[in-house]
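Asker: What follows is a single structure, and I will ask about it in a moment.
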Amino acid sequence: MQKLLVTGGAGFIGSNFVHYALDNTDAHVTVLDKFTYAGNRRSLAGLPEDRFALVEGDICDAALVDGLVANADVVVHYAAESHNDNSLHDPRPFLDTNIIGTYTLIEAARKHGTRFHHISTDEVYGDLELDDPERFTESTPYNPSSPYSSTKAGSDLLVRAWVRSFGLQATISNCSNNYGPYQHVEKFIPRQITNVIDGIRPKLYGAGENVRDWIHANDHSSAVLTIIEKGEIGQTYLIGADGERNNKEVVELILKEMGQPSDAYDQVIDRPGHDLRYAIDSSRLRRELGWTPRFSDFEQGLADTVKWYRDNEDWWRPQKSETEAKYKVQGQ
Ligand code: NAD
Ligand code: TDX
């Protein structure tokens, strides 16, 4: 039985991965999570005790990290400060967790010779014009726009340097925008779904022309497992499911699914430096490792996600009013 150490496993994508890995492998999973505002114990409720352990702690804590990495076969590193809007108002935690935290983990992985998989984002490549026929590939130059994406880019470069200089046994994946259950209500899709449930009109930044390339969190998890099992050490793999939609289309789909008029949203102040478009070419992962996404119907995936938020109000309700109060101060 493989022993996985999953950092950030109480967050959105990390918790989806933990469920996916326990359901689809016989691995033992230990989660290391600091439980920032973004971590949620309820996302990990009911997991089998003989195959799952939870450690509350900081990835910047070198002594704690060293002991956990020494005892793991594979580290899957999800922990991060992840929200662009927060990074524009208070960048410091992004430097601490995304840069120093990653450094702390790869130092331990190098010392113990532990296999390391680094989770990153398509945002490290900057953005594309709406009419650009190209999509991001593994050789697109790095050009991050926000404090969040620049710290993720920095963490990727640390991992690459540790592979080359120290022989770190690492792979990297850069994924597009995820949606699905357990996503914090600060993020675009759950914010709008829970707004509609609360009788608040969805909030679109600017004209809503910005394009994101949506992938279901389960497809992200299956891709990460594939890379852990079959990926080549030192390689980067882009993960995407050909899900490009502009924000206005997504809001309209949510409104339709929730029985509201398609124009029942507000346009609010745009995000400073707002990336226009992300689009992923995931052919390397499909061609070399044989991965394919399973959630090809975005409208169905969105409908399932609306249902999940309707059915799991206990999960998101405690975060909702504080999140909206923060957005209100920002005029968003
Ligand atoms: P999230 O904000 O929902 O979860 C982050 C988790 O990390 C939380 O549980 C939090 O408590 C934990 N954490 C934060 N700082 C920590 C620290 N110092 N020590 C230990 N734990 C800490 O984030 P997410 O959306 O699930 O993103 C997970 C990863 O996937 C991130 O690395 C992010 O860059 C990457 N990613 C996200 C997306 C997306 O669409 N959300 C897309 C591509 C890549
Ligand atoms: O209320 C909103 N209205 C709105 O129009 C919010 C919260 C967002 N938006 C827009 C901004 C973006 O164009 O929706 C789009 C998606 O916004 P976010 O959910 O904040 O995601 P994004 O900034 O695209 O980044 C996400 O995908 C890449 C994750 O948060 C990152 O962690 C990941 O790296």
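The values are calculated or read from the model by the stated rules, or taken from the named source; none is laboratory data. Quick caveat, the model's predicted, so the values are computed rather than measured. Cβ atoms come from the backbone with ideal geometry, glycine included; neighbour counts cover every protein chain shown.
Asker: Based on this model, can you work out whether residue 102 counts as more than 11 Å from ligand 2 (Cβ to nearest atom), under 23 Å from residue 221 (Cβ atoms) and within 15 Å of the chain's Cα centre (by Cα)?
Answerer: When the stated conditions are applied, residue 102 does not pass them.
Asker: Still on this structure, please answer the following. Give the range 289-303 a look and list any residue that's part of a helix (DSSP H, G or I), in contact (Cβ under 8 Å) with a residue 40 or more places away in the chain and not small (Gly, Ala, Ser), or say none.
Answerer: Result: 289, 298, 299, 302.
Asker: Only one of these is under 21 Å from residue 163 (Cα atoms) and basic (Lys, Arg): 111, 34. Name it.
Answerer: Criteria check complete, one pass: 111.
Asker: Report yes if residue 69 is modelled with pLDDT of 95 or more, within 14 Å of ligand 1 (Cβ to nearest atom) and aliphatic (A, V, I, L, M), otherwise no.
Answerer: Here the answer is yes, as residue 69 does meet what is asked.
Asker: Residue 116 versus (1) within 16 Å of ligand 2 (Cβ to nearest atom); (2) in contact (Cβ under 8 Å) with a residue 40 or more places away in the chain: which is the lone unmet condition?
Answerer: (1)
A quick yes/no check of all residues on (1) of a type in the set (A, V, I, L, M); (2) touching a residue at least 24 places away in the same chain (Cβ under 8 Å); (3) more than 12 Å from ligand 2 (Cβ to nearest atom):
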{"position": "172", "(1), (2), (3)": "yes, yes, yes"}
{"position": "181", "(1), (2), (3)": "no, yes, yes"}
{"position": "185", "(1), (2), (3)": "yes, yes, no"}
{"position": "192", "(1), (2), (3)": "no, yes, no"}
{"position": "198", "(1), (2), (3)": "no, yes, yes"}
{"position": "201", "(1), (2), (3)": "no, yes, no"}
{"position": "207", "(1), (2), (3)": "yes, yes, no"}
{"position": "212", "(1), (2), (3)": "no, yes, no"}
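Asker: From 36, 25, 7, grab the single residue that is in contact with a strand residue (DSSP E or B) (Cβ under 8 Å, 6 or more places away or on another chain) and either modelled with pLDDT under 95 or farther than 19 Å from residue 179 by Cα (or both).
Answerer: Of 36, 25, 7, the one residue that is in contact with a strand residue (DSSP E or B) (Cβ under 8 Å, 6 or more places away or on another chain) and either modelled with pLDDT under 95 or farther than 19 Å from residue 179 by Cα (or both) is 7.
Asker: Any idea which of 143, 195, 174 is surrounded by fewer than 23 Cβ atoms within 10 Å (Cβ to Cβ) and not in a loop (DSSP other than H, G, I, E, B)?
Answerer: 195
Asker: If the requirement is being under 25 Å from residue 285 (Cβ atoms), surrounded by fewer than 22 Cβ atoms within 10 Å (Cβ to Cβ) and more than 13 Å from ligand 2 (Cβ to nearest atom), which of these qualifies: 257, 244, 229?
Answerer: Answer to the selection: 229.
Asker: State whether the residues of the range 118-136 include one that is assigned to a loop (DSSP other than H, G, I, E, B), of a type outside the set (A, V, I, L, M), in contact with a Leu (Cβ under 6 Å, 6 or more places away or on another chain) and at pLDDT 95 or above.
Answerer: For the range 118-136, residues assigned to a loop (DSSP other than H, G, I, E, B), of a type outside the set (A, V, I, L, M), in contact with a Leu (Cβ under 6 Å, 6 or more places away or on another chain) and at pLDDT 95 or above: present.
Asker: Looking at this structure, is residue 24 within 25 Å of residue 174 (Cβ to Cβ) and within 14 Å of ligand 2 (Cβ to nearest atom)?
Answerer: Considered against the rule, which asks whether it is within 25 Å of residue 174 (Cβ to Cβ) and within 14 Å of ligand 2 (Cβ to nearest atom), residue 24 comes out as no.
Asker: Out of the residues in the range 264-286 that are within 15 Å of ligand 2 (Cβ to nearest atom) and acidic (Asp, Glu), which is surrounded by the fewest Cβ atoms within 10 Å (Cβ to Cβ)?
Answerer: Only one residue fits best here, namely 266.
Asker: Could you check, for the range 229-240, whether at least one of its residues is in contact with a Cys (Cβ under 8 Å, 6 or more places away or on another chain) and either at positive phi or assigned to a strand (DSSP E or B) (or both)?
Answerer: Among the residues of the range 229-240, at least one is in contact with a Cys (Cβ under 8 Å, 6 or more places away or on another chain) and either at positive phi or assigned to a strand (DSSP E or B) (or both), which makes the answer yes.
Asker: Where in the range 1-111 are there helices (runs of 4 or more DSSP H), lying wholly inside it, with at least 1 residues that are surrounded by fewer than 20 Cβ atoms within 10 Å (Cβ to Cβ), acidic (Asp, Glu) and touching a residue at least 40 places away in the same chain (Cβ under 8 Å)?
Answerer: Fully inside the range 1-111 and qualifying: 62-70, 84-89.
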